[in-house]
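All remarks here apply to the structure that follows.
The values are calculated or read from the model by the stated rules, or taken from the named source; none is laboratory data. Everything numeric here is computed off the predicted structure, so don't read it as measured data. Using ideal geometry, Cβ is built from the backbone for each residue, glycine included, and neighbour counts are taken over all protein chains shown.
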Amino acid sequence: MISLALKGISKRFGAALVLDEVELQVDAGEFLVVLGPSGCGKSTLLRAIAGLESIDSGTIEIDGERVDHLPPGKRGVAMVFQGYALYPHMNVRDNIAFGVVNVGVPRAEIRRRIAEVARMLEMQELLDRVPAELSGGQRQRVAIGRAIVKEPKVFMFDEPLSNLDAALRSRMRQEFAGLHRRIRKTMVFVTHDQTEAMTLADRIVVMNRQRIEQIGTPSEVYDRPATLFVAEFIGSPAMNILPVTRTPTAAGLQRVRLGDGTGIDTLVAAAALPGDGPLRIGLRPEAVTLCAPGGGQTNAVVEFVEFLGDKTHVHLSLAGKDRIVAVGGAAFPARVGEAVGLKFDPAGAHLFDSAGRNCRWPGLP
């Protein structure tokens, strides 16, 4: 069952286009994360669904009913903001109840919902406190509880964890995942943090320049990026992108050459490539294996080493002046300025054409 459908949504602020013919379907009970850089249109998309921004063209449907002409309170949507938006003079109980009191829900039903939400979010001991007496994580729970008591069809979260410190964000990600398992409601979660997207989402919508670049599961957008933008945006460190030239194919698979003359085999069908034009190879850092000098396909010089405890990110320069990042073990022995050997995994190689399209999977959007 389709819970939410966006059909050709466009929006302008004056001459600035902020949403460009967005098409999206969200299944009932799905946890969908909208991911993208600042200014790509993701928060405007969320506000348009909730009715906080009008749209210039297109339609919005919730549970098969068109809602883009309805005011926010009639759409069956509850929204949690980045800044919590709690009333400072009200205690937690009254903050949670505020939205349902205003629409005339009976008092006994309100008490039942508040008790259920407090139990679900482990806030029973907080109900009589005011926001100034709460931590950032507790305030975010109150904002979530205020949304839950409305019993909406769709939950909207606009970068709800961005104001929290790193340790608290990690705990809150676990709480969001647990909440979704318990209530099984449709959730649309906007963020610029790919860790949040990869750990929470059933599917990720990657946005760039007011349009959707790709929709897929976390593993799909990581392993099979449709475009150069997705390949570089998803992953930390980012995918290595290097210019290459074509060399004669082997068994119909394209072989390419780096700027230093190193040949790299790929699993990309030569027939999937455009007839001419420049190509760039994409290699995740884990597709680059470090070895002793002379023991790989080429040598590189260590420029910088990031020690991360269980692994290291090794930044290297090739003879052709290209830069590349590889993942090494915790006890990586080479130091800055020393030479190492590199091996490239053909299964991890992507080829992008001049338009930024991933040629390895021609069927991707």
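Of all residues in the range 243-261, those satisfying the criterion of being within 15 Å of CYS359 (Cβ to Cβ) and aliphatic (A, V, I, L, M) are VAL244, LEU253, VAL256. All of (1) in a strand (DSSP E or B); (2) within 22 Å of VAL314 (Cα to Cα) hold for GLY261 with one exception: (1).
Of everything listed in (1) assigned to a helix (DSSP H, G or I); (2) out of contact with any Lys or Arg (no Cβ under 7 Å at 6 or more places or on another chain), the single unmet condition for GLY39 is (1). The requirement of being free of Cβ contacts under 8 Å to residues at least 12 places away in the same chain and more than 27 Å from VAL26 (Cβ to Cβ) is not satisfied by ALA97.
Selection of strands (runs of 3 or more DSSP E) fully inside the range 271-365 by the criterion of at least 3 residues being surrounded by fewer than 18 Cβ atoms within 10 Å (Cβ to Cβ), in contact with a helix residue (DSSP H, G or I) (Cβ under 7 Å, 6 or more places away or on another chain) and not small (Gly, Ala, Ser) returns nothing.
Beta carbons closer than 8 Å, at least 6 apart along the sequence or on distinct chains, never pair a first residue in the range 48-64 that is outside the structural domain of GLU21 (by TED's automatic domain parsing) with a second that is assigned to a strand (DSSP E or B). All of (1) in a helix (DSSP H, G or I); (2) within 28 Å of the chain's Cα centre (by Cα); (3) aliphatic (A, V, I, L, M) hold for LEU242 with one exception: (1).
Applying the selection to the range 172-196, what residues are over 25 Å from GLU220 (Cα atoms) and either of a type in the set (D, E, K, R) or part of a loop (DSSP other than H, G, I, E, B) (or both)?
Within the range 172-196, ARG182 is the sole residue that qualifies.
Restricting ALA15, ALA28, ALA78 to those that are in the same structural domain as ALA201 (by TED's automatic domain parsing) and within 15 Å of MET156 (Cβ to Cβ) reduces the list to ALA78. None of VAL190, VAL154 is of a type in the set (A, V, I, L, M), at pLDDT 90 or above and more than 15 Å from the chain's Cα centre (by Cα) except VAL154. Among the numbered conditions (1) more than 26 Å from VAL221 (Cα to Cα); (2) touching a strand residue (DSSP E or B) at 6+ places or on another chain (Cβ under 8 Å), the only one that ALA16 does not meet is (2).
Which residues, taken from the range 20-38, are farther than 14 Å from ALA201 by Cβ and in contact with a strand residue (DSSP E or B) (Cβ under 6 Å, 6 or more places away or on another chain)? Reasoning before the result, please.
Here is the first cut: in the range 20-38, the ones farther than 14 Å from ALA201 by Cβ are 20-23, 25, 28, 37-38.
Listed by number, the residues that qualify are ASP20, GLU21, VAL22, GLN25, ALA28.
Tallying residues that are part of a loop (DSSP other than H, G, I, E, B) and surrounded by fewer than 19 Cβ atoms within 10 Å (Cβ to Cβ) within the range 197-227 yields 4.
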